[in-house]
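> Dropping the structure in here first, questions after.
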Amino acid sequence: MSQITPLEKFRVPLGGQEIELQQLDHDAGGMSLLRTRIREKSRFTVFDIDPQTAEHWGEALLRWARAQPGRTDLP
């Protein structure tokens with residue numbers, strides 16, 4: 001059995017998708033994973049990523065968001 005801890009849940013304003021981030025810890029131990037669940041109406045996409053991939057992906061998302069014109073609310 002695995003332990004799942006909710007981290008974030010939000011809805012995409014333009015497409016209406018629901019995105020949920022969870023921490024996944026296996027009872028046998030080992031590395032924690034970040035589970036990403038994307039719900040589009042009745043369809044779900046679920047994938048688990050390691051900390052290094054999560055950091056790389058997060059930095060790429062921030063670079064893109066910061067490069068968009070008119071964004072003044074991001075550090």
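Quick note: the coordinates plus some simple rules give every number you see, no bench work behind them. Treat the numbers as computed from the prediction; the structure is a model and nothing was measured. So basically every Cβ, Gly included, is an ideal-geometry build from the backbone, and we count neighbours across all protein chains shown.
> Got a sec? Which residues in region 1-25 would a label at K41 touch, if it sits 7 Å along Cα→Cβ and we count backbone N under 15 Å?
15-18
> Quick one: if the Förster radius is 25 Å, what FRET efficiency do I49 and D73 give, using the C-beta to C-beta distance and rounding to 0.05?
FRET efficiency, I49 to D73: 0.40.
> Another question, if that's okay. By how many degrees, 0 to 90 and rounded to 10, does the Cα axis of helix 51-66 deviate from the longest principal axis of the chain?
10 degrees
> A further question on this structure: Calculate, in nm to one decimal, what W64 and S32 gain on full extension: separation in residues at 0.36 nm each, minus their alpha carbon distance. Show your work: numbers first, answer last.
On the way: separation 32, 0.36 × 32 = 11.52 nm, distance 2.65 nm.
Value of the extension gain: 8.9 nm.
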